[in-house]
Amino acid sequence: MQAIEVQQITKSYGDLKALDELTFSVASGELFGLIGPDGAGKTSLLRILATLIVPDKGSARIQQHDVVGDYKYLRNILGYMPGRFSLYQDLSIEENLAFFASVFGTSIADNYHLIQDIYVQLEPFRKRRAGALSGGMKQKLALCCALIHKPEVLLLDEPGTGVDPVSRKEFWDMLKRLKEWGITILVSTPNMDEAELCDRVGLLHKGKLLALDTPANIRNSYDKPLYEVRSQDMYRLIGDLRQMPGAYSCYAFGEYAHLTLLHPIDGAEITILQYLESRQHRDMEVRATRAGVEDCFIASTLDQ
Amino acid sequence: MRTVLYLVQKEFLQIFRNKTMLPLMLVMPIFQMLLLSFAANYEVKDLKMRIIDLDLSGASRALCSKFSASPNFKILASGFSAAEGMESIARDEIDILLQIPPHFERDLLREGHAGVALTLNAINATKAGLANGYAGGILRDFNAQYVSENPVLTATPPNGLIEVTYSNWYNPRLDYKTFMVPGILGEIVSLIICFLTALNIVREREMGTIEQLNVTPIRKWQFILGKFIPFWIISLFIMTLGLTIGKLVFDIPLLGSLWLVFGFTAAFMPCVLGLGFLISNFAETQQQAMFTAWFFILIFILMCGLFTPIESMPEWAQKADVLNPIAYFVQFMRMVLLKGANFQDVKGIFYPVLVYGIGVNALAIWTYRKQVA
């Protein structure tokens, strides 16, 4: 069964098309990642699914209910965590949680099992005001508040933004555990490395899906040879590699440059090294590597 | 209904936790009432006066001393040049110039009447009007006294010897505090409540919390009631505080029924509350809400009849005051507190306010949207 079905959704802000005839679906119980850079349309899509804005064209259904027509029903079964911290900063952790539980007609005790893992970390600070919490703690509290009414579908808008790597990892571990309760999760993120943590991902760029598959399939779809290269002068290196005969693309990737070749070449490493030597590079390193989701994303934006 | 209760509870929790707003809500009405009631005063003392006495007779001196004895006038200079007198008005040195012509006493005794000239500096029209009134009073007084002291004149009574005496009903000692306090109270409560409501809701929008509320099953009417009830209760509380100060500090008469006063306040508050609501629907930031609310409240205050009587405004302005909730409030408070009006007397104010409140809130609910296109 599909928990979320998006059919040709279009949303424009003036001349800017935030979402362009977007179609995809998320299976029940799936952890689906919507991956894309800032401005790709992630937040617009999540806000449409959260019944906060109405699409210009197309339709979306959550658990067989239309997000425009049945919004009243959907607000009972949706958990939404906006990208920006949106709880009451002047209320304490406990008060925020109790308030959101009560407006959903439930109590903290009723669904404590859902939030237990997260809440135990917050409990020592439960009298502290939400505004005085660290980024990671705020995020955990927001997740608790979005979960307290046992939603069937959870929509998370960039939960990793503004959170340290350790907290982010903990957060994803929690999402994995939530799957066990049968909650369908749609999470948006600009971090390509987080794609690996999802069951299935959609790569969103300028309101369109570039790819829609499991992270492994997306990686395997990368059909060109890829090498990671480094030298002393990284800035000059990227420029030089782009001009190398047979090069398809080159861009910075952490402390390496990722070089994609148009076609496989025998002994490519040697060829690259020789080319770089002729360009007076020193301390070079060349190694064949496997493509990640980010490589696929960049490649598909180049193909367009 | 339970959801509304939770919302109200949350609202009070936030209000009592706000270390800036809470004291402000209490201090502002007290401070404004004390300050404005003492400062906003129509009584003018020490009007600067110059006398040109060209007669220098017993009668003219008696008249001069009447003026100098009055607390309203302060005689700055005397002289014999009318031109000099006019010049000192031009230089804004004096407010009033009294000229007594030569043969003043002779004309009075021989012909039974004589004239003096009063020249008023009408740069400040209110002040000039008051000066004219005070001076007229002194001249009348002088007339009466002069006639009684000179039996010659009683034989030939001057025209129209009708003495006008008057008393100021509902405010016998013309105590301006009595007149101002109920009005200022209405103005303060309206101001606080309208601002609080508008800013509170826009703050939820600014902080993003309204979005979090919007994805909950809270219904539109529940959200609005959840905002409405706390501020309504606060308004009644400020009203009680204000009336207590009015009674204890200013000893304003509370002639009418207190139930009626509170009943009216309860019916009136939705007007300004709803206005705050309406403003918040069209403002994205607290700054926008603040300026919009200020725009309306300022007009309402200036036109509510507190500082200038509504009756002296042009007709279009009087008609426009139908939309001014504070005007109803000021009128009502004066009628009930000072005049002791009962419900029958004020139902012409009560019902419009009720309709106003329902209307503006209906408009606010109608323009409030949870789902944005």
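Some notes on this structure:
- Annotation: aspartates and glutamates with alpha-carbon distance below 15 angstrom to B:Lys247 (same-chain offsets under eight excluded): B:Asp175.
- Residue ranges B:108-121, A:22-35, B:291-304 sort as A:22-35, B:291-304, B:108-121 when ordered by packing (mean number of other C-beta atoms within 10 Å per residue, highest first).
- Order of A:His113, B:His103 - criterion: other Cβ atoms within 10 Å of each residue's Cβ, fewest first: A:His113, B:His103
- Modelled spin labels at A:Arg236 and B:Glu206, positioned 7 Å past Cα toward Cβ, are 5.3 nm from each other.
- Convex hull per residue volume in Å³, alpha carbons only, for chain B: 183 Å³
- Where the alpha-carbon atoms of the range A:43-111 are placed on the principal axes, they occupy 41, 25, 14 Å, in descending order.
- The range B:217-277 shape via C-alpha gyration tensor axes, a/c threshold 1.5: prolate
- Extreme residue, positive dipole direction of chain B, given options B:Asn150, B:Ser60, B:Pro309 (C-beta unit charges): B:Pro309
- Global dimensions of the range A:222-303 from alpha-carbon coordinates: Rg and Dmax equal 11.7, 32 Å.
- For the range A:1-103, the alpha carbon positions stretch 42, 32, 25 Å along the principal axes, listed from largest to smallest.
- GNM remark for chain B: springs join alpha carbons under 10 Å apart, and the peak mean-square fluctuation among B:Gly348, B:Gly133, B:Gly186 falls on B:Gly133.
- Modelled label positions at B:Val355 and B:Phe343, each set 7 Å beyond Cα in the direction of Cβ, lie 1.9 nm from each other.
- Scattering curve values for the range A:2-216, log₁₀ I(q)/I(0), Debye with Cα scatterers, q = 0.07 Å⁻¹: -0.20
- Pairs exceeding 19 Å between alpha-carbon atoms, taken from A:Lys127/B:Lys10; B:Lys45/B:Lys66; B:Lys319/B:Lys339; A:Lys11/A:Lys150; A:Lys42/A:Lys206; A:Lys138/A:Lys179: B:Lys319/B:Lys339; A:Lys11/A:Lys150; A:Lys138/A:Lys179.
- Taken residue by residue and averaged, Cβ atoms of other chains lying within 10 Å of the Cβ of A:101-114 number 2.
- Using R0 = 30 Å, the C-beta based FRET efficiency linking A:Asp38 and A:Asp66 works out to 0.55.
- GNM flexibility winner over chain B from B:Val336, B:Val346, B:Val27 (Cα, springs under 10 Å): B:Val27
- Taking amide H positions as modeled 1.01 Å from N, with prolines and chain starts lacking one, the residues under 5 Å from A:Ala3 and 5 or more places away or on another chain are A:Val26, A:Ala27, A:Ser28.
- Of all complete DSSP H helices in chain B, those with a Cα span along the helix axis of 27 Å or greater and a mean Kyte-Doolittle hydropathy of -0.5 or more are B:125-149, B:176-207, B:220-250, B:258-281, B:343-367.
- Quotient of Cα Rg and 2.2 N^0.38 Å for the range A:1-55, N being how many residues it contains: 1.14
- Assuming charge only on the beta carbon of Lys and Arg (+1) and of Asp and Glu (-1), the dipole of the range A:8-53 about its Cα centre is about 120 debye to the nearest 20.
- If R0 is 56 Å, the Cβ-Cβ spacing of B:Leu5 and A:Asp283 corresponds to a FRET efficiency of close to 0.20.
- Between B:Lys127, B:Lys339, B:Lys177, the Gaussian network model of chain B with springs among Cα atoms under 10 angstrom shows the greatest mean-square fluctuation at B:Lys127.
- Estimated distance in nm for a label pair at B:Ser65 and B:Glu84, the labels positioned 7 Å out from Cα along Cα-to-Cβ: 2.4 nm
- Ranking of B:Phe231, B:Phe195 by count of other Cβ atoms within 10 Å, fewest first: B:Phe195, B:Phe231
- Cα pair count fraction exceeding 18 Å, expressed as % - the range B:47-155: 47 percent
- Taken over the protein assembly as shown, the alpha-carbon convex hull comes to 245 cubic angstrom per residue.
- Computing FRET efficiency as 1/(1 + (r/R0)^6) for A:Leu302 and B:Leu22, where r is the C-beta to C-beta distance and R0 is 51 Å, gives about 0.30.
No lab work stands behind these numbers, since they all come straight from the coordinates. Keep in mind the model is a prediction, meaning the values are calculated, not measured. Counting neighbours? That spans all protein chains shown, and the Cβs are built from the backbone with ideal geometry, glycine included.
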